[in-house]
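First up is the structure itself, then whatever we jot down about it.
The values are calculated or read from the model by the stated rules, or taken from the named source; none is laboratory data. These numbers come from a predicted model, not from an experiment. Glycine gets a Cβ as well: all are built from the backbone with ideal geometry, and neighbour counts include every protein chain shown.
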């Protein structure tokens, strides 16, 4: 049963909304102002908050801002429901603060329920995707060191995470440690190492058009596509923002290029912008259409002898930037870049 927090200083409105959501089998929580709502949200962690804009003690805008700044409540979905702040500037302000929708009073009951159900459905998809990524990582990404061993290594420092909380793949810290281990192994073995750097193309535009929550979903989905299309021996990492990396041990450049191209193609063919998930509010048809295709640019470097870590990363970065400069949605090897330098 989904949990809804209703925040309104009007007792009659609270009663009306509580009856409405109770009829549709939601668990209902109440708060008469924003300050009380913050405490309830942190303690009860509802799935969604219906928030009045004009209230005493703390108005809806300030409440929404505080909700989105708190780690404990930032992912809770918010719908503004306002009878006083009805201008476009108020709506824009609410949405800029992180609200998922802005509805004016008087409102259509069926429309409100439909919007709530759509947002809750989106939330379920996000949670299932995050769980799927963690499951894939635990079951498939073994290489020559197990997931459990990586967890132990990462746990050597209190409070450090081995997996990215958003996407479920390994963190940049684990990437640096594992890369250094591989470089040491190159001294003892003739087996090659390939490194893949990958950026989600035009990611800032996705955030600008659809909002950061949708951007987060895209990153989770990209991670899922990478995990499903990489080999069980390959390790997948999220480095920062829209940047991912893969380490392919005992993999020559030609084989690594094939694996990278397989991932790039899979991302290109994935339908990220499913109408069942996305709320294309305030987006023109032209902008919506322009942003519907998600692609990645990839830089690849393969080595068979130890080199300095900084040099390795610099060369991989050069390959990635060259792929982006050639129009994006491309995989480029450093060996090709070095020939033209």
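For the range 308-321, a tally of residues being under 19 Å from residue 250 (Cβ atoms) and either exposed (fewer than 15 other Cβ atoms within 10 Å of the Cβ) or at pLDDT 95 or above (or both) returns 1.
Among the residues of the range 32-53, the ones that are in contact (Cβ under 8 Å) with a residue 40 or more places away in the chain and in contact with a helix residue (DSSP H, G or I) (Cβ under 9 Å, 6 or more places away or on another chain) come to 8 in all. Selection of the range 56-71 for residues being at pLDDT below 85 and more than 17 Å from residue 8 (Cβ to Cβ) yields only 71.
Got at least one residue in the range 245-252 being assigned to a loop (DSSP other than H, G, I, E, B), free of Cβ contacts under 8 Å to residues at least 60 places away in the same chain and assigned by TED's automatic domain parsing to the domain that holds residue 301? Checked the range 245-252: at least one residue is assigned to a loop (DSSP other than H, G, I, E, B), free of Cβ contacts under 8 Å to residues at least 60 places away in the same chain and assigned by TED's automatic domain parsing to the domain that holds residue 301.
Each residue in the range 104-115 was checked for being within 20 Å of residue 60 (Cβ to Cβ) and either under 26 Å from the mean Cα position of the chain (by Cα) or modelled with pLDDT of 85 or more (or both), and 2 of them qualify. Of all residues in the range 1-16, those being surrounded by fewer than 22 Cβ atoms within 10 Å (Cβ to Cβ) and assigned to a loop (DSSP other than H, G, I, E, B) number 4.
Take the residues of the range 322-341 that are closer than 18 Å to residue 256 by Cα and under 24 Å from the mean Cα position of the chain (by Cα): which is surrounded by the most Cβ atoms within 10 Å (Cβ to Cβ)? Break it down stepwise before answering.
Narrowing the range 322-341 to residues closer than 18 Å to residue 256 by Cα: 322-323, 329-338.
Those still in the list that are under 24 Å from the mean Cα position of the chain (by Cα) too: 323, 329-331.
Values: 323: 27, 329: 18, 330: 19, 331: 24.
Out of the qualifying residues, it is 323.
Among the candidates 99, 118, 41, 53, the residue that is at pLDDT 90 or above and surrounded by 15 or more Cβ atoms within 10 Å (Cβ to Cβ) is uniquely 41. Scanning the range 21-35 for residues that are part of a helix (DSSP H, G or I) and surrounded by fewer than 18 Cβ atoms within 10 Å (Cβ to Cβ) turns up 22, 23, 35. When residues of the range 194-232 are filtered for being touching a strand residue (DSSP E or B) at 6+ places or on another chain (Cβ under 9 Å), at pLDDT below 85 and more than 23 Å from residue 321 (Cα to Cα), how many remain? Selection size over the range 194-232: 1.
This table checks each residue for (1) touching a residue at least 12 places away in the same chain (Cβ under 8 Å); (2) assigned to a helix (DSSP H, G or I); (3) crowded, with 18+ Cβ neighbours inside 10 Å.
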| position | (1), (2), (3) |
| --- | --- |
| 179 | yes, yes, yes |
| 190 | yes, no, no |
| 194 | yes, no, yes |
| 197 | yes, no, yes |
| 204 | no, yes, no |
| 221 | yes, yes, yes |
| 226 | yes, yes, yes |
| 233 | yes, no, no |
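Among the residues of the range 72-96 satisfying the criterion of being in a helix (DSSP H, G or I) and buried (at least 16 other Cβ atoms within 10 Å of the Cβ), which is modelled with the lowest pLDDT? Give the derivation first.
Kept after step one, since they are in a helix (DSSP H, G or I), are these residues of the range 72-96: 88-96.
Keeping just the survivors that are buried (at least 16 other Cβ atoms within 10 Å of the Cβ) gives 90-91, 93-95.
Numbers: 90: 72, 91: 75, 93: 76, 94: 76, 95: 77.
Once the filter is applied, the top-ranked residue is 90.
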